Amino acid sequence: MDRLDKYLCDSGVGTRSQVKQILKAGRVTVDGETIRDSSRKIDPALQKIELDGVLLGGTGRIVLMLNKPAGYVTATEDARQPTVMELLPAHYRHFDLKPVGRLDKDTEGLLLFTNDGRLLHRLISPKKEVPKVYYARHAGCARDADVAAFAEGLILRDGTVCLPAKLEPLGEGESLITVCEGKYHQVRRMMASRNMTVLYLERRQEGEICLGDLPRGAVRELTESEIGSLERQT
Ligand code: URA
């Protein structure tokens, strides 16, 4: 059994104080009954919890993938720059979707969104070590010594220690990089530490979820089996 307010926060409905207001306003029902008491104990596996008439959890959960183009910041709001939220079709706007982790403004490729707070936190937790695969075009050429240094765990120029990662040279100035953590500018900084400045970066895979042939700028919902694979991985 969970407290209703905790369940709503974990589901991405809002912060603790927002959830309190939402409950006060009578917008949440449990098995059809309006509940205003934040401390009410609920069983999300057995009970039907709705916000504004939309079912939460179970079939109310949404997981989307976007093929992010360059030029958008990964944020829910930004006063000056376009955000990835603007790329989501309007009918998803009221689901309170959040990006899973972040891609730099110039990075393209796979970006997941969900309204399931638990799944989101599990996916971005460094403890779960979900592998992410990036394609990079870069200055210089990746050599055996670079591959070995990635496998050992790089130490960045500022002393940051990275988990072991995989570097697969594809040819002159092109590589695939697999990392299990999401530090700030991680791949760019890892490559820079080996004197290979990244010129272009695209995320192609997260866990078993592949970007595939989704066109740049397009969005699609993950299938149940893709969501299952994320659940198993985290
Ligand atoms: N690593 C980076 O340097 N940038 C990204 O956007 C993602 C991973």
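The values are calculated or read from the model by the stated rules, or taken from the named source; none is laboratory data. Everything quoted here is computed from the prediction, not taken from an experiment. No Cβ is skipped: glycine too gets one built from the backbone with ideal geometry, and neighbour counts run over all protein chains shown. Ligands, DNA and RNA are excluded from the accessible area calculation, which covers all protein heavy atoms including side chains. Shrake-Rupley method; radii C 1.70, N 1.55, O 1.52, S 1.80 Å.
Taken over the stretch 99-116, the criterion of being within 10 Å of the ligand (Cβ to nearest atom) and at negative phi is satisfied by ARG102, LEU103, ASP104, LYS105, ASP106, THR107, GLU108, LEU111. Among the residues of the stretch 123-132, the one identified as away from the ligand (no atom under 16 Å from the Cβ) and open to solvent by less than 70 Å² (accessible area, probe 1.4 Å) is SER125. Take the residues in the stretch 173-224 that are acidic (Asp, Glu) and not in a loop (DSSP other than H, G, I, E, B), then tell me which one is farthest from the ligand (Cβ to nearest atom). Filtering first and then ranking leaves GLU224. SER193 satisfies every condition listed in (1) crowded, with 18+ Cβ neighbours inside 10 Å; (2) closer than 25 Å to MET85 by Cβ; (3) hydroxyl-bearing (Ser, Thr, Tyr) except (2). Among the numbered conditions (1) surrounded by fewer than 17 Cβ atoms within 10 Å (Cβ to Cβ); (2) of a type outside the set (A, V, I, L, M, F, W, C); (3) within 20 Å of CYS210 (Cβ to Cβ), the only one that TYR135 does not meet is (1).
A quick yes/no check of all residues on (1) small (Gly, Ala, Ser); (2) open to solvent by 60 Å² or more (accessible area, probe 1.4 Å); (3) assigned to a strand (DSSP E or B):
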| site | (1), (2), (3) |
| --- | --- |
| LEU66 | no, no, yes |
| ALA70 | yes, no, no |
| GLU77 | no, yes, no |
| ARG80 | no, yes, no |
| TYR92 | no, no, no |
| ARG102 | no, yes, no |
| LYS105 | no, yes, no |
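Residue by residue, here is whether (1) touching a residue at least 12 places away in the same chain (Cβ under 8 Å); (2) under 26 Å from GLN205 (Cα atoms); (3) among the aliphatic types (A, V, I, L, M); (4) touching a Lys or Arg at 6+ places or on another chain (Cβ under 8 Å) holds:
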{"position": "LYS24", "(1), (2), (3), (4)": "yes, no, no, yes"}
{"position": "VAL30", "(1), (2), (3), (4)": "yes, no, yes, yes"}
{"position": "ILE49", "(1), (2), (3), (4)": "yes, no, yes, no"}
{"position": "ALA70", "(1), (2), (3), (4)": "yes, yes, yes, yes"}
{"position": "LYS98", "(1), (2), (3), (4)": "yes, yes, no, no"}
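Taken over the stretch 1-48, the criterion of being in a strand (DSSP E or B) and closer than 25 Å to LEU123 by Cα is satisfied by ASP2, ARG3, ILE42. Taking first residues from the stretch 174-203 that are basic (Lys, Arg) and partners that are surrounded by fewer than 16 Cβ atoms within 10 Å (Cβ to Cβ) and not in a helix (DSSP H, G or I), the Cβ contacts under 6 Å between residues at least 6 apart in sequence or on separate chains come to ARG189/LEU156.
When GLY171, GLY207, GLY159 are checked against the criterion of being under 14 Å from LEU110 (Cβ atoms) and either open to solvent by 80 Å² or more (accessible area, probe 1.4 Å) or at pLDDT below 95 (or both), a single residue qualifies: GLY207. In this structure, LEU87 does not satisfy being among the aliphatic types (A, V, I, L, M) and open to solvent by less than 20 Å² (accessible area, probe 1.4 Å).
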